[in-house]
Amino acid sequence: MLSDADAERALIVTAHPDDVDFGAAGTVATWTDAGIEVSYCIVTDGDAGGFDPAVPRHEIPGIRRAEQLNAAKLVGVEDVHFLGYPDGALELSHPLRRDITRVIRKTRPQRMVVQSPERNWARIHASHPDHLTAGEAALRALYPDSRNPFAHPELLADEGLEPWTVQEVWVTSHPKPEHFVDITDQFDRKIAALRAHESQTAHMDDLAMFVKEWLVRNAKAAGLPEGRLAEAFVVHPTA
């Protein structure tokens with residue numbers, strides 16, 4: 001694994017606004033505090049989400065983009081890329097791979113975080129079809145597309161985006177996590193980032209406890225002392 005000192009830039013690819021905050025906001029905060037420049041790539045605008053029927057559906061994409069930008073700032077992230085694919089209808093496609101590859105070549109990360117393309121039967125809500133598709137597309141963009149000068153040749157010919165090799169990938173919501181990040185000191189920032197997604201979490205009075213239960217289980221799996229909280233990943237070298 002890369003040390004944080006060797007990871008100057010990281011890119012996180014998720015299907016929906018708020019996915020990164022549920023899965024990795026505490027870890028992101030530890031990285032930005034360590035000086036790592038973190039970028040987000042949000043594949044859909046979450047336009048099928050929300051719980052208030054009084055909000056016109058055509059307003060949801062703009063609302064959710066604004067919420068994600070606010071949430072990102074709370075954990076030290078300023079660079080957010082939105083791809084604008086339709087929520088709930090995401091399909092694994094060559095254009096999707098190209099668009100993620102474009103962001104990889106623009107941001108040039110040593111480290112990427114993606115959603116698991118493997119269904120987690122123990123936590124079925126973590127395996128939304130869009131999550132699975134975004135995860136698989138991101139992995140295909142990571143390898144081989146982003147490093148291959150002959151993949152999506154228009155990115156190099158028309159946009160001047162040189163190939164880039166990502167050195168490692170972190171996978172969230174994996175059914176068998178094996179790497180854990182202690183985020184106890186970042187828990188309040190994680191909850192603040194989640195609360196920034198008001199259209200999704202305003203009705204959740206028990207949000208902090210709900211999230212803490214996951215993090216306590218992760219910390220126990222990691223063998224951390226009682227009272228600690230952790231986010232969970234699988235980490236693989238990709239260079």
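Residues of region 49-61 that are under 19 Å from the mean Cα position of the chain (by Cα) and free of Cβ contacts under 8 Å to residues at least 60 places away in the same chain: 61 alone. Does at least one position in region 15-32 carry a residue that is more than 14 Å from the chain's Cα centre (by Cα) and not charged (D, E, K, R)? Scanning region 15-32 turns up at least one residue that is more than 14 Å from the chain's Cα centre (by Cα) and not charged (D, E, K, R).
In region 84-142, which residue that is among the basic types (Lys, Arg) and in contact (Cβ under 8 Å) with a residue 60 or more places away in the chain is farthest from residue 167 (Cα to Cα)? Please lay out each step first, then the result.
Of region 84-142, the ones among the basic types (Lys, Arg) are 97-98, 102, 105-106, 108, 111, 119, 123, 140.
Filter again for in contact (Cβ under 8 Å) with a residue 60 or more places away in the chain, leaving 108, 111.
Numbers: 108: 10, 111: 6 Å.
Among them, the one singled out is 108.
Pairs are defined by a Cβ separation below 7 Å, a sequence spacing of at least 6 or placement on different chains, a first member in region 32-48 that is without any contact (Cβ under 8 Å) to a residue 60 or more places away in the chain, and a second member that is in a strand (DSSP E or B) and aromatic (Phe, Trp, Tyr); the pairs so defined are 42/82; 45/82.
Criterion applied to 65, 9, 57 was being over 24 Å from residue 213 (Cα atoms) and at pLDDT below 95, and the one residue passing it is 57. Candidates 149, 117: the one that is modelled with pLDDT of 95 or more, part of a loop (DSSP other than H, G, I, E, B) and touching a strand residue (DSSP E or B) at 6+ places or on another chain (Cβ under 9 Å) is 117.
Within region 127-146, is there a residue that is surrounded by 15 or more Cβ atoms within 10 Å (Cβ to Cβ) and outside any helix (DSSP H, G or I)? Yes: one or more hits. Can you name every residue in region 148-174 that is within 21 Å of the chain's Cα centre (by Cα) and not aromatic (Phe, Trp, Tyr)? Selection gives 165, 166, 167, 168, 169, 171, 172, 173, 174.
The values are calculated or read from the model by the stated rules, or taken from the named source; none is laboratory data. Fair warning: this is a prediction, and the values are worked out from it, not measured in the lab. Heads up, the Cβs are rebuilt from the backbone with ideal geometry, glycines too, and the neighbour counts pull from every protein chain shown.
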